[in-house]
Amino acid sequence: MKSQEGLHLKTIVLIVIMVSVAPLGDMFLGKGMKVISPMASWAPGDIFRFFFQAFTSPTIWLGIGLLLAFFIAYMIVLSWADYSYVLPASSISILVVALLGYFVLHEVVKPTRWAGVAIICLGVFTVGHTSPRTTEL
């Protein structure tokens, strides 16, 4: 019983990490890509210039690092818990995305989108009250 509770706590901690770093990584990657010049054509010079600007941007590297942290946490948590638990539980990141969009990026988030976020959060709450693992190792 105690190991099951420990597994549940570790799983929740990693899901919180995933939910935090993935939206932040996407946000920094998006902000960084908006600063660099768009690729004008598929000419080799334009491709090189585009990727040079992208890979020399600290903002883009911060986004990549955060997304890498998400991926590592995702791989670890999938080794402990069922996919059918992890993916729905990590969907709470939709709330983080909406909040970042509204407060950090100053985007307009319409009431219907907030309603959708609320429905997703209700589903995450429901899934979160189930066992993270239904199969034995």
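Read-outs throughout are calculated quantities, based only on the coordinates presented, and are distinct from any laboratory measurement. Quantities reported herein were computed from a predicted structural model and do not represent experimental measurements. As a convention, Cβ positions derive from the backbone with ideal geometry for all residues, glycine included, and neighbour counts pool all protein chains shown.
Return yes when ALA81 is in contact with a Leu (Cβ under 9 Å, 6 or more places away or on another chain), within 23 Å of VAL117 (Cα to Cα), in contact (Cβ under 8 Å) with a residue 24 or more places away in the chain and surrounded by 15 or more Cβ atoms within 10 Å (Cβ to Cβ) and no when it is not. Considered against the rule, which asks whether it is in contact with a Leu (Cβ under 9 Å, 6 or more places away or on another chain), within 23 Å of VAL117 (Cα to Cα), in contact (Cβ under 8 Å) with a residue 24 or more places away in the chain and surrounded by 15 or more Cβ atoms within 10 Å (Cβ to Cβ), ALA81 comes out as no. Is it the case that some residue within region 116-129 is farther than 30 Å from GLU5 by Cα and surrounded by 12 or more Cβ atoms within 10 Å (Cβ to Cβ)? The answer is yes, given that some residue of region 116-129 is farther than 30 Å from GLU5 by Cα and surrounded by 12 or more Cβ atoms within 10 Å (Cβ to Cβ). Note on region 97-107: among residues that are among the hydrophobic types (A, V, I, L, M, F, W, C) and more than 9 Å from the chain's Cα centre (by Cα), the one that is surrounded by the most Cβ atoms within 10 Å (Cβ to Cβ) is ALA98.
Within region 102-134, the set of residues being closer than 15 Å to ASP26 by Cβ and in contact (Cβ under 8 Å) with a residue 40 or more places away in the chain comprises VAL104, LEU105. For the residues SER41, SER37, the requirement of being in contact with a Phe, Trp or Tyr (Cβ under 8 Å, 6 or more places away or on another chain) and either surrounded by 11 or more Cβ atoms within 10 Å (Cβ to Cβ) or not acidic (Asp, Glu) (or both) singles out SER37. Where helices (runs of 4 or more DSSP H) fall wholly inside region 1-117, the ranges with 2 or more residues that are under 16 Å from GLY128 (Cα atoms) are 2-35, 58-80, 83-90, 93-103. Can you pull out the residues in region 90-107 that are among the hydrophobic types (A, V, I, L, M, F, W, C), in contact with a Gly (Cβ under 9 Å, 6 or more places away or on another chain) and over 19 Å from LEU67 (Cα atoms)? Within region 90-107, none qualify.
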